[in-house]
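The values are calculated or read from the model by the stated rules, or taken from the named source; none is laboratory data. Keep in mind that what you see is a predicted model, and the values were worked out from it rather than measured. So basically every Cβ, Gly included, is an ideal-geometry build from the backbone, and we count neighbours across all protein chains shown.
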Amino acid sequence: MPSSPFQQLTQIVELIRLTDPQNLLDIGVGFGKYGVLSREYLEINSGNLDRNSWQRRIDGIEGFQSYLNPLHEYVYDHVYVGDAAQLVPTLPYRYDLALVIDILEHFDYTSGCKLIVDLRKISRNVLVGTPKEWVDQGAIFGNRMEEHKFRWERKHFGDFGAHCFIPNEFSLICFIGEDAPMIEQRVLSLKRGIKRNFPYLLPMKRRIERYLSNTRQAHPVDSDH
């Protein structure tokens, strides 16, 4: 669907802020959520409220034109319509960050790997988010690109160079690229700080994780961008 789970929003937005991209590419824009959040936290929080004062370039790719609405025209500098696998090698810009959020599961392994490799050629970093749990899904909304084709796991990201994983209960979040060591250090520092300063939170965290895991098993949630 042109949507994705809210449980990963905090991590995704924080990674966008840490990367602080001047040029961002959103693969599979869907409803436009990550374009909106990127504008808000990269532009408006810096005082650039008026669209004419925006300093960042945010482009997108959408394979299903019916998903597009006036929001996309306002938020994105440009949205390319078509198959990302074919469009990415032809794009005229270089980016600091490419978002591949709840998109990779719609590619088979070989095609998905090629997409990431092609993105690394035009983008300093690639941020991937994909569901941890497999959900069978065919074409919906008349969109064959909604089919789920492959379940991605940590072991599948070893050939893309520097990368790190960001903890999330529902999504496998992988940051790939030149800034991965910095991101990993920030994540490790945060985890150490929590363990050192708030040790009493750890038992609570485990209980919450068990509850969420049981809830997810009882009520599977589809998660597409």
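If you go through the stretch 98-127 one residue at a time, how many are part of a loop (DSSP other than H, G, I, E, B) and modelled with pLDDT of 95 or more? Looking only at that region, the number is 1.
Of the residues making up the stretch 92-107, not a single one is under 26 Å from Cys164 (Cβ atoms), loosely packed, with under 14 Cβ neighbours inside 10 Å, free of Cβ contacts under 8 Å to residues at least 24 places away in the same chain and over 18 Å from the mean Cα position of the chain (by Cα). The sole residue among Tyr76, Tyr80, Tyr109, Tyr95 that is out of contact with any Lys or Arg (no Cβ under 6 Å at 6 or more places or on another chain) and closer than 22 Å to Trp134 by Cα is Tyr109.
Looking only at the stretch 43-68, which residues are loosely packed, with under 15 Cβ neighbours inside 10 Å and among the β-branched types (Val, Ile, Thr)? Before the answer, list the steps.
Looking only at the stretch 43-68, we keep the residues that are loosely packed, with under 15 Cβ neighbours inside 10 Å, and these are 44-47, 49-53, 55, 65-66.
Correct list: Ile44 only.
Kindly check whether there is at least one residue in the stretch 69-81 that is in a loop (DSSP other than H, G, I, E, B) and either at pLDDT 95 or above or buried (at least 16 other Cβ atoms within 10 Å of the Cβ) (or both). Yes, the conditions are met somewhere in the stretch 69-81. Please determine whether any residue of the stretch 30-49 is among the charged types (D, E, K, R) and within 14 Å of the chain's Cα centre (by Cα). Yes, the conditions are met somewhere in the stretch 30-49. Any residue at all in the stretch 30-42 that's over 22 Å from Cys113 (Cβ atoms), surrounded by fewer than 19 Cβ atoms within 10 Å (Cβ to Cβ), in contact with a strand residue (DSSP E or B) (Cβ under 8 Å, 6 or more places away or on another chain) and not acidic (Asp, Glu)? No, every residue in the stretch 30-42 fails to be over 22 Å from Cys113 (Cβ atoms), surrounded by fewer than 19 Cβ atoms within 10 Å (Cβ to Cβ), in contact with a strand residue (DSSP E or B) (Cβ under 8 Å, 6 or more places away or on another chain) and not acidic (Asp, Glu). Any residue that is buried (at least 16 other Cβ atoms within 10 Å of the Cβ), at pLDDT 65 or above and polar (S, T, N, Q) - is there at least one of those in the stretch 169-188? Yes, that holds for at least one residue.
Among what's in the stretch 1-17 and is more than 24 Å from Val88 (Cα to Cα) and in contact with an Asp or Glu (Cβ under 9 Å, 6 or more places away or on another chain), pick the residue that is surrounded by the fewest Cβ atoms within 10 Å (Cβ to Cβ).
Step one: list which residues in the stretch 1-17 are more than 24 Å from Val88 (Cα to Cα), which gives 5-11, 14.
So of that shortlist, the ones also in contact with an Asp or Glu (Cβ under 9 Å, 6 or more places away or on another chain) come out as 5, 7-8.
Numbers: Pro5: 18, Gln7: 15, Gln8: 22.
Residue satisfying both the conditions and the ranking: Gln7.
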